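Visitor: I'd like to ask you about the structure that follows.
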Amino acid sequence: MTPPAVAPPADSGRHPPGLKVIFLTEMWERFSYYGMRALLVLYLVKSLGYGRADALELYGTYTGLVYLTPLVGGYLADKYLGIRQGAVIGAIIMMFGHFAMAFPALLHVALGLLIVGNGFFKPNTSSLVGMLYRPHDPRRDGGYTIFYMGINLGAFFSPLVAGTLGERFGWHWGFASAGVGMAIGLFTLLRWQRLLGNAGLRAGQTRITRQDWLRIAAIAAASIPAVMAAVALWGPLSGVVAALSPLAKLALALIAIGGPVLLPSWRGTRHAGAPPLSRADWDAIVAICIVAFFVIFFWMGFEQAGGTMNLFADNQTDRHLFGAEIPASWFQSINPLLIVLLAPLMSMAWTRLDLSPYALADTTKQALGMLVLALGFVVLALAQSRAQAFGKVGPQWLAAVYALHTIGELMLSPVGLAMVSKLAPARLASLLMGVWLLSSAAANYLSGTLEAMLKGSGIPLYWFLVGTSAGAGLALLAIAPWLNRLMHGRG
């Protein structure tokens, strides 16, 4: 187990200097990811001729796998590579993927590289934040909220830059700009890694060694032919897979990727020279898995932003402003802009509340976030009804939806990341962060296929999401006291 980096004392009020490095690295990585995400569905429909349902399914498959592969990346980092090496490997592979997106013939190879790269990068940078703090440090929740602000600072600029370049000057320009952003993120992580101390490294190390670099280069290089082979094999299998229902496809992906990792992981929890997991450790693992199931319903709704809400902005929203028509992708900057503005306030509020007699359990905060999300879908369902009856609606409707969804996200996502960091046994830190992200994998795939699954049922998509978001929030709120006991007061 890598010891944590040296952090200022909790009573100093200052966060560890390494938080700045992870903040900037994640900011540029999210610039690349959200720039590509803002363009993907529009690109598939308007440039490559995909039908709406096919484009949404590919979007859901891609974003689902993006959150599924961290289960593998977290496991490999915990057991073999080291957390910092895993983050660097992921950044390099994703940089390859974003530049490949600039070439239409490499679409599926590019998506594959992005999926694999994110699997290495995402769980390990999230775990690095927790390693900067000592156990029971009250600043941890605030640190994760600041980290989340970095994510959304990159996500704010990416639709404005990549979206404008892609929609106005050519899709390849937008995708290439995402590759440049990923390259800057990689440079940031390597140039200032000394500020991370020994977080994510083996004992005694302060930076990545030459031997580590040989391993990193070999894995990053091998990812390209491996993804190309997987794409080639997909052709003969695609007909069989296409005949499966969306839920069957999701279950198959979870078993194929999650099974080989989880089974040996649970069996191998007795590390050499380490005591077995305690009852409290197993209680924490169970609690993480239960909450992860509930947040599927949050992200299934929230991730409509890159799919149906993106198409709603393109087709059913009046986008004329001061005589010019703004790109549909710009609406996806509302959410990260509000997070950048609100995250510092939320960070201070959680820190003060958690140190007061009125502290809320993490699960209670997350349940309230789901209810706020449901309220946003009430507004969106009304906007869709109005657009169908009278034509396009004003941009204020989508702006209101994004504002409500942002508040709900701030109540759920950074709190969830901090909760996993606090509860996870040290030897399974990145693996359980991967399990947490597994909920987003299922949710993202469902977000892309939900409209097709509801077709013919007579149930409007957005009213359905009102019910699932509110129902999950109320159920989680009801069992929050029991979950807090299961967490032994640590959540």
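Only the coordinates and a few stated rules stand behind these numbers; no lab work does. Note that this is a predicted model, so its numbers are computed, not measured. Heads up, the Cβs are rebuilt from the backbone with ideal geometry, glycines too, and the neighbour counts pull from every protein chain shown.
Visitor: Determine the equivalent ellipsoid of the chain by diagonalising the alpha-carbon gyration tensor, then write out the semi-axes as square roots of 5 times the eigenvalues, largest first, rounded to whole Å. Could the numbers behind the result be given before it?
Guide: Numbers: eigenvalues 216, 143, 102 Å².
Each semi-axis is the square root of five times an eigenvalue, giving 33, 27, 23 Å.
Visitor: Still on this structure, I have one more. In region 1-137, if every C-alpha pair distance is counted and binned at 10 Å from zero, what percent goes to each bin?
Guide: Bins of 10 Å from zero give 12, 36, 28, 16, 7, 1 percent of pairs.
Visitor: Hey, fewest Cβ within 10 Å first, where do S158, S356, S413 land in order?
Guide: Taking fewest neighbouring Cβ atoms as first place, the list is S356, S413, S158.
Visitor: Listing D354, D362, D137 from the residue with the fewest other Cβ atoms within 10 Å to the one with the most, what is the order?
Guide: Taking fewest neighbouring Cβ atoms as first place, the list is D354, D137, D362.
Visitor: Show me the ranking of peptides 41-52, 287-298 by mean Cβ neighbours inside 10 Å, starting with the highest. Spell out each step's value before the answer.
Guide: Numbers: 41-52: 16.9, 287-298: 21.4.
Output ranking for 41-52, 287-298: 287-298, 41-52.
Visitor: Still on this structure, I have one more. For the peptides 475-484, 114-123, what is the packing order when you average, over each peptide's residues, the other Cβ atoms within 10 Å and list the highest mean first?
Guide: The densest-packed peptide leads the list: 114-123, 475-484.
Visitor: Only helical DSSP H runs with n ≥ 4 go in: add -39500 (n - 2.57) per run for the chain, normalise by residue count and round the 222 nm mean residue ellipticity to 500 deg cm²/dmol.
Guide: -24500 deg cm²/dmol, from helical runs alone.
Visitor: So, by mean Cβ neighbours within 10 angstrom, what's the order for 321-329, 100-108 with the highest one leading?
Guide: Ranked from most to least packed, the peptides come out as 100-108, 321-329.
Visitor: Next question, about the same structure. For R14 and L214 in the same chain, what is the full-extension length gain: residue separation times 0.36 nm, less their Cα-Cα distance, in nm?
Guide: Values: separation 200, 0.36 × 200 = 72.00 nm, distance 3.62 nm.
The R14-L214 span can extend by a further 68.4 nm.
Visitor: Kirkwood Rh over Cα pairs of region 272-311 into Stokes-Einstein at 37 °C, 0.692 mPa s: D in µm²/s? Present the calculation step by step, with values, prior to reporting the outcome.
Guide: On the way: Rh = 12.8 Å.
Diffusion coefficient, whole number: 257 µm²/s.
Visitor: Take the Cα gyration tensor of region 177-225, multiply each eigenvalue by 5, square-root it, and list the three semi-axes largest first, rounded to whole angstrom.
Guide: Computed over region 177-225, the values are 22, 17, 7 Å.
Visitor: Run through every distinct alpha carbon pair of region 101-254 and return the Kirkwood hydrodynamic radius in angstroms, one decimal place.
Guide: Averaging 1/r across every pair of different Cα atoms and inverting gives 18.9 Å.
Visitor: Can you give the percent of C-alpha pairs in region 407-466 whose distance is more than 19 Å?
Guide: Result: 49 percent of Cα pairs exceed 19 Å.
Visitor: Here's something else I'd like to know. Mean Kyte-Doolittle hydropathy of 1.6 or higher plus an axial Cα length of 15 Å or more: which whole DSSP H helices in the chain meet both?
Guide: Helices meeting the span and hydropathy rule in the chain are 279-302.
Visitor: Cα-Cα over 25 Å: which of K122/K365; K46/K455; K46/K122; K365/K392?
Guide: On the way: K122/K365 23 Å; K46/K455 23 Å; K46/K122 30 Å; K365/K392 35 Å.
In this structure, K46/K122; K365/K392 lie more than 25 Å apart at Cα.
Visitor: If you don't mind, there's one more thing I want to ask. Under the Kirkwood approximation for Rh and a Cα-based Rg, what ratio Rg/Rh is obtained for region 366-491?
Guide: 1.05
Visitor: Need the list of aspartates and glutamates near K79 for cross-linking: C-alpha distance under 16 angstrom, and skip anything on the same chain fewer than eight residues off.
Guide: D212
Visitor: Next up: Which of D212, D318 comes first, and how do the rest follow, when ranked by fewest Cβ neighbours within 10 Å?
Guide: Lowest count first: D318, D212.
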